[in-house]
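Asks: Below you'll find the structure I mean.
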Amino acid sequence: MYLPLIMNVYRHLRQWHKRRKAIRELAALDDRLLNDIGIERSEIERLVDDRAKSSPSAAAACRLGRYSDSTFERDAAAMIHASGRLLAH
């Protein structure tokens, strides 16, 4: 009886945690690296939110009521990985 409610709360907490993680990781980059990937520091939260809303997997997760890895998290990881390669050169 309470399982759907508990699962819904869990899904929202996971999504909130992933959003905060993506924002924290992008915010940890210096301004030069953010500029290299075309992001202003003041845009980070909006871009993460916009990416989550426009992500097909996020939209599908909302429609289906199931948790799914969000595309914005993979994109944030890719940007951070790319910035590490930039620093190595």
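The values are calculated or read from the model by the stated rules, or taken from the named source; none is laboratory data. Note that the structure is predicted; figures quoted are calculated from it, not measured. Neighbour counts are summed over all protein chains in view; Cβ atoms, including those assigned to glycine, are modelled from backbone coordinates with ideal geometry.
Asks: Tally the residues that are loosely packed, with under 11 Cβ neighbours inside 10 Å and either at pLDDT below 90 or not in a helix (DSSP H, G or I) (or both), restricting the search to the range 32-41.
Replies: Final tally of qualifying residues: 1.
Asks: Any idea which of (1) of a type in the set (F, W, Y); (2) surrounded by 14 or more Cβ atoms within 10 Å (Cβ to Cβ); (3) at pLDDT 60 or above is the one Y67 doesn't satisfy?
Replies: (3)
Asks: Look at the range 1-31 and say how many of its residues are over 14 Å from the mean Cα position of the chain (by Cα), assigned to a helix (DSSP H, G or I) and closer than 20 Å to L47 by Cα.
Replies: Within the range 1-31, residues that are over 14 Å from the mean Cα position of the chain (by Cα), assigned to a helix (DSSP H, G or I) and closer than 20 Å to L47 by Cα number 1.
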